[in-house]
Every structure is written in C-alpha cells, then in structure tokens.
Amino acid sequence: MKIDQLNQNILIYVNGELLPRSKAVISVYDSGFLMGDGIWEGIRLIQNRWIFLNEHIDRLFEGAKAIDLNLGLTRDQITSAILKTQHANNMSDRAHARVMFTRGIKIKPFQQPALSNSGPTFVIIMEHSDPFAKAKGIIMATVPQIRGMPMSQDPKLNSHSKLNCILACIQANKMGADEALMLDPHGFVNTTNSCNFFIVKNGEVWTSTGDYCMNGITRKKIIMLCKDNNIPVFEKNFSLVDVYSADEVFITGTLGSLVPVLELDKRTFDVKNNTITLTLQSLYNDLIHSQ
C-alpha cells in the first residue's frame with residue numbers, strides 16, 4: 001500500500017484524544033490558527049525508536065520558554081503521548097511525527113497573548129513517511145527572501161510562524177527548484193527554507209556560522225561526526241561564489257537525514273564523486289541505528 005493511502009487512516013492526537021484524520025480539528029479561535037502562535041518539533045521513527053528524542057524535547061521546552069508558553073506537561077507526559085500515538089497507529093519504522101503546541105484558544109481573535117487563557121493546544125500528527133524519497137538529490141535555487149535577525153524573529157526558534165520560509169519556498173518553486181537557498185542579512189550563505197546547508201571544498205566541510213540558521217539537531221550531529229572522524233569542518237561565513245565552485249553540496253534535516261544537492265541556480269554538481277557526502281551518510285546511518 002502506498003504511503004499516501006496509509007496516511008488516510010492515521011489517528012491524530014488532539015489534547016489527549018486520538019481522532020481519525022477527518023475529525024482531528026481545532027477551534028478557529030486557536031492562537032496557532034489565528035496568529036501562528038506556537039512551537040513544534042519534527043521527530044523520526046526508525047526501528048521502533050524515536051531518533052534523538054531527548055534532544056528534540058529539550059528544544060521543545062527551550063522554544064516554549066522563549067515564547068513564554070507554559071506547556072502544562074512534563075517531559076515524560078509528552079513522551080507518553082508520542083508513544084501512545086505511535087502504538088495506536090501501529091507504527092514501528094519509517095514514520096515521522098510533528099509535535100505541536102499552541103497558546104490555545106483565544107476569547108477574541110486578537111494578538112494579545114493574555115486572550116489565550118484556557119491552556120495550550122497539544123497536537124501530534126504522526127504519518128508513515130519515506131525518508132529515501134529524495135535520497136538521490138534535490139534541485140535548489142537562491143532566493144531573495146533572507147533569514148531574519150534574531151531581534152525580529154530568531155531563526156533558531158521552531159515557531160508556527162513560518163511565512164518567511166514559505167515565501168522562500170514559493171520563490172524557489174517558481175524557479176523550478178525543490179528547495180530554496182536563503183542568505184543571511186549580510187549576504188552570506190545561510191540555510192534552506194526547511195533544512196541546513198553544507199558544502200565540501202578541497203576535503204573540508206563548510207556550513208554557516210549558525211547565527212541565522214535553524215538550530216538543527218541533524219546539523220549538530222553531522223558537525224560532531226566530522227570532528228570524530230578527522231574530517232575538517234568549519235562553521236564560517238562564505239558566499240555563493242564558494243558554493244558554485246564547491247566539490248559537493250548537501251542538506252540535512254530530521255526526515256531526509258543527509259541529501260545531496262544536484263543543482264543550484266542552474267549550476268550542476270557531480271554527485272558521482274560525492275566522497276565525503278557518502279561517507280557522512282554512512283556515518284550518520286550508523287549513528288542513528290546505534291541509538
């Protein structure tokens with residue numbers, strides 16, 4: 001059975017209840033719907049284990065603190081809800097969950113956070129997914145939409161307010177690309193609209209400084225694997241000139257792990273010689289199966 005068909009029959013966790021997809025709804029007064037006021041985490045299930053679950057829950061609580069949102073649940077209670085949803089859907093492998101909290105239902109459709117006084121809304125959407133769907137690689141385009149400054153909306157925050165990245169994705173799609181490459185406010189290469197970005201030059205792995213990019217857990221693991229395996233890795237500023245002449249280019253994320261970039265701005269990369277990318281894919285695969 002195709003994954004899309006399987007996902008028509010999933011049960012979705014909504015504030016403690018497991019509901020069929022067609023009945024899993026929230027109020028139009030929910031602050032997440034009205035204002036994008038909430039946080040989320042994406043986690044991946046491999047061989048009956050949620051990969052790096054503790055780190056994802058750490059990041060969830062960090063985000064909640066940043067937006068002054070009381071989740072009203074402990075770490076163990078959130079983990080229990082994830083496992084309950086997993087077991088109800090009879091999932092053991094190749095699944096992805098989006099764990100979401102909003103500030104809850106508002107008494108009026110206005111911005112003031114105090115108007116959400118009934119407690120948070122907690123939703124888990126868990127779907128069957130194929131992490132290898134784009135394993136061969138993706139096409140990217142550089143877009144004018146940039147990653148913002150921390151004082152406007154910190155890019156490290158996994159918030160429901162994703163319009164900036166959605167606009168970047170639209171711009172890339174209009175250019176025939178799968179994913180957008182976004183620059184930072186100073187014009188240096190930063191991240192994609194949904195993943196973190198790496199290049200390989202002369203045997204060295206480069207990624208952005210991290211000042212304006214998503215606080216990626218997979219990104220952190222790839223940097224760690226480079227250091228542990230004597231692969232030179234640098235978090236630094238670099239430009240499109242460096243990218244266009246790169247030997248290898250790849251992106252990282254929870255669902256796709258490590259995916260090669262085939263083309264950027266109509267410049268192609270010879271993925272047949274992706275020596276370091278393939279090495280890191282193998283090392284990361286070993287890491288997640290050792291968890």
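Check whether at least one residue in the stretch 105-112 is in contact with a strand residue (DSSP E or B) (Cβ under 6 Å, 6 or more places away or on another chain) and either buried (at least 20 other Cβ atoms within 10 Å of the Cβ) or free of Cβ contacts under 8 Å to residues at least 12 places away in the same chain (or both), and report yes or no. Yes, that holds for at least one residue. The set of residues in the stretch 52-72 that are of a type outside the set (A, V, I, L, M) and part of a helix (DSSP H, G or I) comprises N54, E55, H56, D58, R59, F61, E62, G63, K65. Of the numbered criteria (1) in contact with a helix residue (DSSP H, G or I) (Cβ under 9 Å, 6 or more places away or on another chain); (2) at pLDDT below 95, the one W40 fails is (2). Listed by first and then second residue, the pairs linking a residue in the stretch 253-272 that is without any contact (Cβ under 8 Å) to a residue 40 or more places away in the chain to a residue that is surrounded by 18 or more Cβ atoms within 10 Å (Cβ to Cβ) and among the small types (G, A, S), with Cβ atoms under 9 Å apart and 6 or more places separating them unless they lie on different chains, are K266/A141; F269/G137; F269/A246.
How many residues does the stretch 232-255 hold that are in a loop (DSSP other than H, G, I, E, B), over 24 Å from K266 (Cβ atoms) and of a type in the set (A, V, I, L, M)? Qualifying residue count, the stretch 232-255: 1.
For the stretch 151-182, the set of residues classified as free of Cβ contacts under 8 Å to residues at least 40 places away in the same chain and not aliphatic (A, V, I, L, M) consists of S152, Q153, N164, C165, C169, Q171, N173, K174, G176, listed by residue number.
Of everything in the stretch 60-102, what is over 28 Å from L115 (Cβ atoms), touching a residue at least 24 places away in the same chain (Cβ under 8 Å) and surrounded by fewer than 14 Cβ atoms within 10 Å (Cβ to Cβ)? Give them in sequence order. Within the stretch 60-102, S92, D93 meet the criteria. Taken over the stretch 124-139, residues that are modelled with pLDDT of 95 or more and either more than 17 Å from the chain's Cα centre (by Cα) or of a type in the set (S, T, N, Q) (or both) amount to 1. Among the residues of the stretch 119-131, those that are assigned to a loop (DSSP other than H, G, I, E, B) and either surrounded by 15 or more Cβ atoms within 10 Å (Cβ to Cβ) or among the β-branched types (V, I, T) (or both) comprise P120, S129, P131.
The number of residues in the stretch 132-153 being surrounded by 16 or more Cβ atoms within 10 Å (Cβ to Cβ) and of a type outside the set (K, R) comes to 9.
Screening N193, N173 for residues that are modelled with pLDDT of 95 or more and under 17 Å from S257 (Cα atoms) leaves exactly one candidate, N193. If the condition is being touching a Leu at 6+ places or on another chain (Cβ under 7 Å), surrounded by 17 or more Cβ atoms within 10 Å (Cβ to Cβ) and in a strand (DSSP E or B), then the stretch 256-291 contributes L258, L264. Looking across the stretch 9-36, the residues that are surrounded by 16 or more Cβ atoms within 10 Å (Cβ to Cβ), more than 22 Å from Q77 (Cα to Cα) and either hydroxyl-bearing (S, T, Y) or under 21 Å from the mean Cα position of the chain (by Cα) (or both) come down to Y29, S31, F33, M35. With respect to being under 15 Å from the mean Cα position of the chain (by Cα) and surrounded by fewer than 20 Cβ atoms within 10 Å (Cβ to Cβ), K156 fits the description.
The values are calculated or read from the model by the stated rules, or taken from the named source; none is laboratory data. Source: prediction; values computed, not measured. Heads up, the Cβs are rebuilt from the backbone with ideal geometry, glycines too, and the neighbour counts pull from every protein chain shown.
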